Amino acid sequence: MLRELIYERLKSILSEQEFQYDFNVEVPDERFGDFSSNVALIGARYFKKPPIEVARYFINKLSNDPLFSEVSVAGPGFLNFKISKDYYINILNDMLTKEKNYWKPKKNGLKLQFEYGSANPTGPFTVGHGRQLIIGDVLSNVFKFLGFDVTREMYLNDAGRQIRLLAKSLWVRYNELFGKSFELPEDGYKGGYLIDFAKKLKDEIGDKYLEKWDNEIEKFFMDYAVRNILEMMNSTLEKLDSKFDSVVSEKSLIEKGLVDEVLEIFKNKGLIYEKDGAVWFKVSNLINEEDKVLIRSDGTYTYFLTDIAYHYDKFLRKFDKVYDIFGSDHHGHIPRMKASLKALDIPESFLDFILHQFVTLKRNGQVVKMSTRSGEFVTLDELIEEVGKDATRYFFAMNDINTHLNFDLELAKSKTVDNPVFYVQYAYARINSVFEKAREKGIKFRFKEDIERLEKEIELNLIKHLDELSFVLKDTTEKLSPHILTNYIYGLSEKFHSFYAKEKILDDSDLPLSNARLNLLYAIKIVYEIVFNLLGITAPDHM
RNA sequence: GUGCCUGUAGCUCAAUUGGAUAGAGCACUGGACUCCGGAUCCAGAGGUUGCGGGUUCAAUUCCCGCCAGGCACGCCA
């Protein structure tokens, strides 16, 4: 990785002087060179000399280094580097030899868990869940590619009050089918899917539970509704090509006794008390917030309590680090969650939250209101149906997670409008078609041969861009931002299309050059396959 | 009221966490295959980075204060 090589060289020059400070190596505007560094600007303070003089010191030290064809100083004291052609050829050769392993660092044994897509199983996934699912899926993929031991997990809140509301709502729908009218409970679920479930249920059991309601029947309706909703959710996940390694249910945590264990620990630490018939957690002892209820006066557990137990469970499962991916509406949950982990003597660094802002869905310029309970929403299923899996995944990944995502349905649906997904996929299809054309023309592809014929600026620049994938993957995991990856592949596509338009790849009059360029395309193809795989979108041979 | 996020070209978004003349796409203007896929490419125009201070060699980025939008402040999840 070029960036690292340059960084190491600069660092070792610093250590000769026994200086140690942070600086960066980055890709500047093309007119400045291949890479640049601010090492001299920052170093001025340590060298006690003007930046330009410090820069000259570095240039002197690096002048005979075969890695560079040129090192210069510019502006206020930036060091600009041009990588030698020979080195680029070496790198390309290395990529072709190692294929995708070129971009994989040595194994990193850290055990990570990503929790995302967690929801009440009370309705189908909404568009909002979609963003979360893709962020979680893509980040998991990248961490895994970089050698981490990754578990993707979904948490199901299948034990709470909402499930009982769901059961009752289904029961009301069921009765309606027999012409018996009951009021939907307040905050009940109004979604049409419950009517479908009710019809199915009527076929299966007839009038068995008509106008009857007790604890047994409630349990039956809860199980029936949850089972069917999970089926819906799984079918959506399949369409999205999103797989979980495990699903943890709230119910199972309670049955395992983890909630009791947590309560016991808190009790021993004097962190709980009773008031108004409920059990409270002394959050105010730990952070500057109000105390919270753990057990309601009717004896049921709050979400907060079972979630603490869940995170205790994660800790007992010996993850080195866990990430919770939520919508930004959950941000209020963070401080108290961190406080409770502290109360359990779990190190603060164990848990990190990744919050994403909301998705605003627009249809004909109008904002579509989404709410699971009112039943007015566009489901993730419908969205995938309309715009396809690839566009859905790419669009959810391509924005900074901290910004609101405007998803214009009409625009996304339209096949004629320019779509970044098509742009990047088209580049890949084009590469394939060049190889096909070469076969038609009888130009034989000689793997790893003739590559020293590559010398044009744009060719070497493409090699640099391929090399940069290592940095981009690292950056994606450090900033926990999938959009860095989509930006990268879009940038590679721009460079490739530009190269394609400018230079003829298959040139009958110069077969070695053609072969060199085919080798370059082969390396580009590997990078596309890596990135498409990480994003979970298809790599089309033809379009 | 308190806390979190956001504000960048007409629109949708970037900007390598403090770097050089703030970049792309759409839309607009004008060009490019008798040729490896024109779903492409090249060029032009478009900016007081919400406003005002501060920190320093350097601020879209960090700090303070305003303004605007989103979200959260439950014995909901």
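With a cut-off of at least 1 residues that are open to solvent by 30 Å² or more (accessible area, probe 1.4 Å), farther than 27 Å from residue A:315 by Cβ and within 15 Å of RNA strand B (Cβ to nearest atom), name the strands (runs of 3 or more DSSP E) lying wholly within the stretch A:202-292.
On the way: elements: A:246-249, A:272-275, A:278-281.
Qualifying strands (runs of 3 or more DSSP E): A:272-275.
For the stretch A:415-513, list the helices (runs of 4 or more DSSP H) that sit wholly inside it and hold at least 1 residues that are near RNA strand B (Cβ under 7 Å from one of its atoms); which are they? Break it down into steps so the answer makes sense when it comes.
Numbers: elements: A:420-441, A:457-467, A:469-479, A:483-502.
Hits in the stretch A:415-513: A:420-441, A:469-479, A:483-502.
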Restrict the check to the stretch A:135-146 and report whether at least one residue is polar (S, T, N, Q) and not in a loop (DSSP other than H, G, I, E, B). yes
Being among the acidic types (Asp, Glu) and without any contact (Cβ under 8 Å) to a residue 24 or more places away in the chain is the filter here; which residues of the stretch A:433-465 pass it? A:436, A:440, A:457
Quick one: residue A:493 ticks every box in (1) open to solvent by less than 10 Å² (accessible area, probe 1.4 Å); (2) without any contact (Cβ under 8 Å) to a residue 40 or more places away in the chain; (3) small (Gly, Ala, Ser) bar one, so which box is it? (2)
Count - residues of the stretch A:333-367 that are open to solvent by 50 Å² or more (accessible area, probe 1.4 Å) and among the aliphatic types (A, V, I, L, M): 1
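Out of all the residues in the stretch A:147-176, which are part of a loop (DSSP other than H, G, I, E, B), of a type in the set (Gly, Ala, Ser) and in contact with a Phe, Trp or Tyr (Cβ under 9 Å, 6 or more places away or on another chain)?
Step one: filter the stretch A:147-176 for residues part of a loop (DSSP other than H, G, I, E, B), giving A:147-148, A:157-160.
Subset that is of a type in the set (Gly, Ala, Ser): A:147, A:159-160.
Hits for the stretch A:147-176 are A:159, A:160.
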How do the pairs read when you match residues in the stretch A:199-214 that are free of Cβ contacts under 8 Å to residues at least 60 places away in the same chain with residues anywhere that are assigned to a loop (DSSP other than H, G, I, E, B), using Cβ under 7 Å and keeping only pairs 6 or more apart or on different chains? A:199/A:177; A:202/A:177; A:207/A:178; A:210/A:178; A:210/A:180; A:211/A:180
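Within the bounds of the stretch A:466-482, is there any residue that is free of Cβ contacts under 8 Å to residues at least 60 places away in the same chain and either surrounded by 14 or more Cβ atoms within 10 Å (Cβ to Cβ) or in contact with a Lys or Arg (Cβ under 8 Å, 6 or more places away or on another chain) (or both)? Please lay out each step first, then the result.
Keep residues of the stretch A:466-482 that are free of Cβ contacts under 8 Å to residues at least 60 places away in the same chain, which gives A:472, A:475, A:478-479.
Those still in the list that are either surrounded by 14 or more Cβ atoms within 10 Å (Cβ to Cβ) or in contact with a Lys or Arg (Cβ under 8 Å, 6 or more places away or on another chain) (or both) too: A:472, A:475.
Yes, the stretch A:466-482 has at least one match.
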Would a scan of the stretch A:178-195 turn up a residue that is without any contact (Cβ under 8 Å) to a residue 24 or more places away in the chain, surrounded by fewer than 20 Cβ atoms within 10 Å (Cβ to Cβ) and part of a helix (DSSP H, G or I)? yes
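Among the candidates A:278, A:309, single out the residue that is small (Gly, Ala, Ser), in contact (Cβ under 8 Å) with a residue 12 or more places away in the chain and farther than 27 Å from residue A:151 by Cα.
On the way: A:309 fails: farther than 27 Å from residue A:151 by Cα.
Criteria check complete, one pass: A:278.
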With the structure loaded, tell me whether residue A:32 is in contact with a strand residue (DSSP E or B) (Cβ under 6 Å, 6 or more places away or on another chain), within 18 Å of residue A:464 (Cα to Cα) and open to solvent by 70 Å² or more (accessible area, probe 1.4 Å) or whether it fails that test. yes
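I'm checking my understanding of the structure. Among residues of the stretch A:380-414 that are in a strand (DSSP E or B) and touching a residue at least 60 places away in the same chain (Cβ under 8 Å), which one is surrounded by the most Cβ atoms within 10 Å (Cβ to Cβ)? Walk me through how you get there before you give the answer.
Start the filter on the stretch A:380-414 by keeping residues that are in a strand (DSSP E or B), which leaves A:405-408.
Going one step further and asking which of them are touching a residue at least 60 places away in the same chain (Cβ under 8 Å), we end up with A:405, A:407.
Working: A:405: 20, A:407: 23.
Across the stretch A:380-414, the extreme among qualifying residues is A:407.
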Looking at the stretch A:532-543, I want the residues that are away from RNA strand B (no atom under 16 Å from the Cβ) and have a partner that is part of a loop (DSSP other than H, G, I, E, B) with Cβ atoms under 8 Å, at least 6 apart or on another chain. Which pairs are those? A:533/A:539; A:536/A:241; A:536/A:242
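The values are calculated or read from the model by the stated rules, or taken from the named source; none is laboratory data. All values reported here derive from a predicted model rather than from experimental measurement. No Cβ is skipped: glycine too gets one built from the backbone with ideal geometry, and neighbour counts run over all protein chains shown. Side chains included, ligands, DNA and RNA excluded: accessible areas come from the protein's heavy atoms. Shrake-Rupley method; radii C 1.70, N 1.55, O 1.52, S 1.80 Å.
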